[in-house]
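As structure tokens, the structure follows; a few thoughts come after it.
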Amino acid sequence: MKNSTSRIAYATLRGVFKSVLESRGFDAEKASLCAGLFADASLDGVASHGLNRFPEFVRLVDAGIVDPRAEPSLDFALPIFERWNGNLGAGPLNAHFSMGRAIAMAKEQGMGAVALRRTNHWKRGGNFGWQAGREGCVAICFTNTLPNMPAWGAKEPRLGNNPLVIAIPRDPEPIVLDMAMTQFAYGKMQAYLREGRQMPFAAGFTAGGEVTQDPKEVLASGLAMPMGMWKGAGLAMMLDLIASLLSGGLATMDIGKLEEEHAISQFFLCLYPPKLGLNQETINDRLMVWVEDLKSADTFSGESSQYPGEQSLKNRADNQRLGVPVDREIWKRVLGMI
């Protein structure tokens, strides 16, 4: 297959994103931060939620669904909990703000939580795990989505794939788990479809209920495979309920009645170990022993097991040195938006 990718400098990628966003009404500070969150996703090898999602994000801005000038507003506050209204602003910016508030409360009180309503897709959720981990916080955050996954055995999508992020602080970089409740994220399936490839494992169901690895079939049916089958379906439902109930926002079933996915609900939780009587140096030592034990196990492939976020660190180092891989057609589209 003909290679459809090129490599460009991270600074170039981020600069172009910033220029496009400024042309759509984002002020310089918001444009810079939002551009960085998109560029960081591609830098870490998650172009499915970086460059590849950027044109869709711009489309939603142009359509008036994402408000580039919106600011979050506070609905309710306690020393360790806040509820915010995202006012339909940019999802990545609202999520970064909310995690920042959770971090600030955790550093003051030992724990901090933010429930957020009326926001938009946060794109790469892992960004906010890295954000918290680098600030020395243990973090858990999750979001609901439009209905794009069936309850186990159902013929229609009524659940969201509701991504979940968990971060643990470590020097020099945290350990970060970033996963959707589907076996494969929709962005990943779209990337495989563009490349003309089948998914490596069962990815979902056809409209007739047959298990398939064909991303085209799954994208058409909207019946992505829940991770762990019924277990992933149950977890997706519980994350949706927590996010929507605590934020006072929409649940997946409500979002499915809208013309476009927006006004979603999210939750961000941080714990700051030093305030809880835990020393970061001790945590680092324990994590080092844990990683060494993980990697000492024999594997079928002969390659060592990976911990969550390890591949992102490898991709980041390679792409900083060689340039960030970009899909040529998508990059051309983005350049045409300036």
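The values are calculated or read from the model by the stated rules, or taken from the named source; none is laboratory data. All values reported here derive from a predicted model rather than from experimental measurement. Here the Cβ is made from the backbone with ideal geometry for all residues, glycine too, and neighbour counts use every protein chain on show. The area values use the complete protein model at the heavy-atom level, side chains included, leaving out ligands, DNA and RNA. Shrake-Rupley method; radii C 1.70, N 1.55, O 1.52, S 1.80 Å.
At-a-glance table
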| item | result |
| --- | --- |
| Gap separating the Cα centres of the stretch 81-106 and the stretch 176-220, nearest whole Å | 30 Å |
| Per-residue SASA entry for PHE76, accessible area with 1.4 Å probe, Å² rounded to 10 | 90 Å² |
| Rounded to the nearest 10 Å², the accessible area of HIS121 at probe 1.4 Å | 40 Å² |
| Contact order normalised by residue count of the stretch 112-231, Cα under 8 Å, 6+ apart, percent | 22 percent |
| Computed accessible area, ASP298, all protein chains, 1.4 angstrom probe, square angstrom | 150 Å² |
| Cys residues of the chain counted as unpaired, since no other Cys beta-carbon is under 4.7 Å | CYS34, CYS141 |
| Protein accessible area in the stretch 192-338, 1.4 Å probe - carbon and sulfur % | 57 percent |
| Charge tally in the Cβ shell below 11 Å around VAL46, where Lys, Arg are +1 and Asp, Glu are -1, VAL46 excluded | +2 |
| Longest site-free stretch - the chain; sites: GluC sites (Glu not before Pro), DSSP loop, at most 16 other Cβ within 10 Å | 1-194 |
| Net length gained if the chain between MET229 and LEU74 were fully extended (0.36 nm per residue, minus Cα distance) | 52.0 nm |
| Relative contact order of the chain, defined on C-alpha pairs under 8 angstrom at six or more residues apart (%) | 23 percent |
| The chain - accessible surface per residue (Å², probe 1.4 Å) | 47 Å² |
| Potential extension, SER6-GLN320 segment - 0.36 nm per residue separation minus Cα distance | 111.6 nm |
| Cα lying deepest toward the dipole's positive end in the chain, options GLY153, ILE168, VAL20, charges on Cβ | VAL20 |
| Local electrostatic count, LYS30, Cβ distance below 13 Å [Lys/Arg +1, Asp/Glu -1] | -2 |
| Residue of GLY125, GLY110, GLY277 that the Gaussian network model of the chain assigns the largest fluctuation, springs spanning Cα pairs under 10 Å | GLY277 |
| Beta bridges per DSSP with both ends in the chain, % antiparallel, nearest 5 | 85 percent |
| Rounded if a/c under 1.5, otherwise prolate or oblate - the chain, Cα gyration tensor axes | rounded |
| Computed label-point distance, nm, for sites SER301 and ALA207 using a 7 Å Cα→Cβ extension | 3.6 nm |
| Selected from ILE103, CYS34, LEU278, residue furthest toward positive end of dipole (the chain; charges at beta carbon) | CYS34 |
| Relative contact order (%) - criterion: Cα under 8 Å, at least six apart; region: the stretch 1-118 | 18 percent |
| With at most 16 neighbouring Cβ atoms within 10 Å, loop trypsin sites (Lys or Arg not before Pro) (DSSP) excluded, longest segment of the chain | 70-154 |
| Ellipticity estimate at 222 nm from DSSP helix runs (n ≥ 4, -39,500 (n - 2.57)) divided over the chain, nearest 500 | -13000 deg cm²/dmol |
| Net length gained if the chain between GLU108 and ASP62 were fully extended (0.36 nm per residue, minus Cα distance) | 12.6 nm |
